[in-house]
Amino acid sequence: MASTILRRATSSVIKSSLLTEASRRSYASVAVGTDILSAASQVSLQKARSWDEGVTSNFSTTSVNDIFKKNSFQGKKVVIFGLPGAYTGVCSQQHVPSYKKNIDKFKAKGIDSVICVAVNDPYVMNAWADKLQANDVIEFYGDFDGSFHQSLELGKDLSAALLGPRSERWSAYVVDGKVKALNVEGAPSDFKVSGAEVILEQI
């Protein structure tokens, strides 16, 4: 039911914003070969944590460079997936679980980090990760103001579903900041190409 509503809402938003979307995508967006370290050079993400941990850390953030770049001669291999929001249907029931259950397969392929990112604050992401019992195997980050997704042209207006500015549903395989594989769903309610099983075949 929720997925159907989101799909309908997304459709209405698309119809009303074709010109805006076309204009927004008139310059380079993320693609295979994109250097995320350059595209989002001024962006930081917020590692999932409790409010008390946020206060103790003086509300610290993590730079994109620290997330994707390893300070060694061996390239850092990251699988990252983005989704419209914590606690939403497809995200909770399918997207995160697909990565959680395949974590050993990612490790076997030499992946250093499996990361989930959403346009949410880090406190919501922390509580959601706890609820899904996934915070020990997946790194959760908040993109509280959407700047990371905007830098990669992966932002999505889901106001019609009462979600406001969010993101596409997507996944990527990134080595030393360079995108080696990228999958973006046709609609945020879809779950066809951004799951763990698809990207495992692309590594």
Subset of segment 139-172 (residues that are at pLDDT 90 or above and in contact with a Leu (Cβ under 8 Å, 6 or more places away or on another chain)): Tyr141, Gly142, Asp143, Phe148, Arg166, Ser167, Glu168, Arg169, Trp170, Ser171, Ala172
Can you confirm whether Ser29 is at pLDDT below 85, closer than 21 Å to Asp190 by Cα and under 18 Å from the mean Cα position of the chain (by Cα)? yes
Filtering segment 67-108 down to residues that are free of Cβ contacts under 8 Å to residues at least 60 places away in the same chain and in a loop (DSSP other than H, G, I, E, B), which residue is surrounded by the most Cβ atoms within 10 Å (Cβ to Cβ)? Ala86
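To keep it simple, each residue is scored yes or no on (1) open to solvent by 10 Å² or more (accessible area, probe 1.4 Å); (2) among the basic types (Lys, Arg); (3) in a strand (DSSP E or B); (4) over 22 Å from Asp104 (Cβ atoms).
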position	(1), (2), (3), (4)
Asp136	yes, no, no, no
Asp145	yes, no, no, yes
Gln150	yes, no, no, yes
Glu153	no, no, no, yes
Lys156	yes, yes, yes, yes
Pro165	yes, no, yes, yes
Ser171	no, no, yes, no
Val179	no, no, yes, yes
Using the structure shown, decide if Ile111 is open to solvent by less than 30 Å² (accessible area, probe 1.4 Å) and in a loop (DSSP other than H, G, I, E, B). yes
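The values are calculated or read from the model by the stated rules, or taken from the named source; none is laboratory data. Given the structure is predicted, the values throughout are model-derived calculations rather than measurements. Ideal geometry is used to build each Cβ from the backbone, glycine not excepted, and the neighbour counts take in all protein chains shown. Remember, those area values only see protein heavy atoms, side chains included, never the ligands or the DNA or RNA. Shrake-Rupley method; radii C 1.70, N 1.55, O 1.52, S 1.80 Å.
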